[in-house]
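Shown next, in structure tokens, is the structure this report addresses.
Every read-out reported here was derived from the displayed coordinates using simple, explicitly stated rules and does not represent laboratory data. It should be emphasised that the depicted structure is a prediction, and the values quoted were computed from it without experimental measurement. Counting neighbours? That spans all protein chains shown, and the Cβs are built from the backbone with ideal geometry, glycine included.
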Amino acid sequence: MTGNPVTRLFPDTHPGIEKKLIEIEREMSFEDKLVCIRQMNMMMRQLALQGLRERYPDATEAEIQRRLMGMILGEELAAKAYGPLPSKREPADG
């Protein structure tokens, strides 16, 4: 019998472990899911900030925050909300 292959959520994870992860997520309360989402959001923001600090080592913290807003909101909206970037600094090579 041929059919559609099952789409895996985590193709790099063993199917048994993937099944257990899905079970755990299904058993989580709504509040716990929100906590996980918030933690992931905070982690991604920290990773983005670290990347910006590496790309723009001479930038001020205000410029780093402004560049983050450009990544999150898109440059056009960020410029409207927070003003233009302080400079047209090029990223550091690397």
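Taking the criterion of being hydroxyl-bearing (S, T, Y) and surrounded by fewer than 13 Cβ atoms within 10 Å (Cβ to Cβ), would at least one residue in region 9-17 satisfy it?
For region 9-17, residues hydroxyl-bearing (S, T, Y) and surrounded by fewer than 13 Cβ atoms within 10 Å (Cβ to Cβ): absent.
Condition first: of a type in the set (K, R) and part of a helix (DSSP H, G or I). Now tell me which residues in region 1-33 satisfy that. If you could, list the steps in order and put the result at the bottom.
Just the residues of region 1-33 that are of a type in the set (K, R), to begin with: 8, 19-20, 26, 33.
Within region 1-33, K19, K20, R26, K33 meet the criteria.
Go through the residues of region 34-44 one by one and say whether even a single one is free of Cβ contacts under 8 Å to residues at least 60 places away in the same chain, in contact with a Leu (Cβ under 8 Å, 6 or more places away or on another chain) and either surrounded by 11 or more Cβ atoms within 10 Å (Cβ to Cβ) or not in a helix (DSSP H, G or I) (or both).
no
Out of all the residues in region 52-74, is one or more over 16 Å from the mean Cα position of the chain (by Cα), in a helix (DSSP H, G or I) and loosely packed, with under 11 Cβ neighbours inside 10 Å?
yes
Do we find that A48 is among the hydrophobic types (A, V, I, L, M, F, W, C), more than 13 Å from the chain's Cα centre (by Cα) and either under 17 Å from P91 (Cβ atoms) or assigned to a helix (DSSP H, G or I) (or both) in this structure?
Numbers: among the hydrophobic types (A, V, I, L, M, F, W, C): yes; more than 13 Å from the chain's Cα centre (by Cα): no; either under 17 Å from P91 (Cβ atoms) or assigned to a helix (DSSP H, G or I) (or both): yes.
Spelling it out, it is not the case that A48 is among the hydrophobic types (A, V, I, L, M, F, W, C), more than 13 Å from the chain's Cα centre (by Cα) and either under 17 Å from P91 (Cβ atoms) or assigned to a helix (DSSP H, G or I) (or both).
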